[in-house]
1. If you scan segment A:115-127, which residues turn out to be in a helix (DSSP H, G or I) and either under 16 Å from B:THR128 (Cα atoms) or of a type in the set (Val, Ile, Thr) (or both)?
2. Within segment B:80-139, which residues are of a type in the set (S, T, N, Q), touching a Ser or Thr at 6+ places or on another chain (Cβ under 8 Å) and either facing chain A (nearest Cβ under 7 Å) or surrounded by 22 or more Cβ atoms within 10 Å (Cβ to Cβ) (or both)?
3. Do we have B:PHE132 as assigned to a loop (DSSP other than H, G, I, E, B) and modelled with pLDDT of 80 or more here?
4. Of everything in segment A:102-118, what is farther than 17 Å from A:GLN45 by Cα and more than 7 Å from every other protein chain (Cβ to nearest Cβ)? Give them in sequence order.
5. Between residues in segment B:18-38 that are surrounded by 14 or more Cβ atoms within 10 Å (Cβ to Cβ) and residues that are not in a helix (DSSP H, G or I), which pairs lie under 6 Å by C-beta distance while being six or more apart or on different chains?
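The values are calculated or read from the model by the stated rules, or taken from the named source; none is laboratory data. Quick caveat: nothing in here was measured; it's all calculated off a predicted structure. Cβ placement follows ideal geometry from the backbone for every residue including glycine, while neighbour counts extend to all protein chains displayed.
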Amino acid sequence: MSSLVMPKRRKQSISLTALIDVVFILLMFFMLTSSFTKFSAVEMQSSLAASTISDTKPQFLHLSENGYLSAVGKSNASANLSDDTLGNLFDRSLPTVLQPAPDTQVQAIVDALSRMKILGFTQVTLGKSSASRGSVE
Amino acid sequence: MNVFNQLSRPRRKANSDDNLIPLINIVFLLLIFFMIAGKIEQIHDAGLTLPKNSHAKSAITQPITLQLSKDSEIHLNNELVSFDSLPNALTNLLLEHPANVAVRADKHVTYKELDKVLEALRTAGFSTINLFTLTTEPS
């Protein structure tokens, strides 16, 4: 009778090697697939939407290749407008069209757009490029 | 000596796995860090260097992504398209998705090139254009 009784199992410790294998594979997966890059976006209305928002005449700003903002059609504006001058010369609630020079790089455009957003310009659109100051297309 | 042996606790039989416990602790911590802090996402950047910005708001993934590289190659939703076929492709996509589009342009692209793409987007009828940037810490 005693031979039929199952032998008492000895308490065996579980090997950790299999666990480590799985954890290492998970670690590799997350290390290779995760990204820590944060993206942001500068939102702008296309001229199509901007024209439907209001019928008021927009104001124009020229952006030069080196990132300088200057007023289009305003005689008392300097070549590189400071934040204060921008606030005094322009109405922040009116639609504003930014006209970059053809060779202006995207980095300068993004800087100008975010600068205008900080200054409180709400309706900024990108217009047709203007080669020189004073030309409005 | 005999007395000392009686007073000391009986020694556990040394196990080879015991040496691995600190390793497992560190690996688990690393795993938890990558699981929580990292974000799994598929990025087809086509060799783009996005412009940097510290003030823009966080980007929301848009259903339509247009990439413009410095060699003027256009990728629409990760598929290479020529400039001539862009209006048709945009019109088809606009029928499926709302009117928001994400533009990922290389920071060295000039406005001359970007304006052509923006013009195509305007013509297709997109009302809001999100120009994607890389977030940097404000100085």
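1. Correct list: A:LYS117, A:ILE118.
2. Of everything in segment B:80-139, those that are of a type in the set (S, T, N, Q), touching a Ser or Thr at 6+ places or on another chain (Cβ under 8 Å) and either facing chain A (nearest Cβ under 7 Å) or surrounded by 22 or more Cβ atoms within 10 Å (Cβ to Cβ) (or both) turn out to be B:THR110, B:SER127, B:THR128, B:THR133, B:THR135.
3. No: the conditions fail for B:PHE132.
4. Passing the criteria: only A:ALA108.
5. B:LEU20/A:LEU16; B:PHE34/A:SER34; B:GLY38/A:SER34
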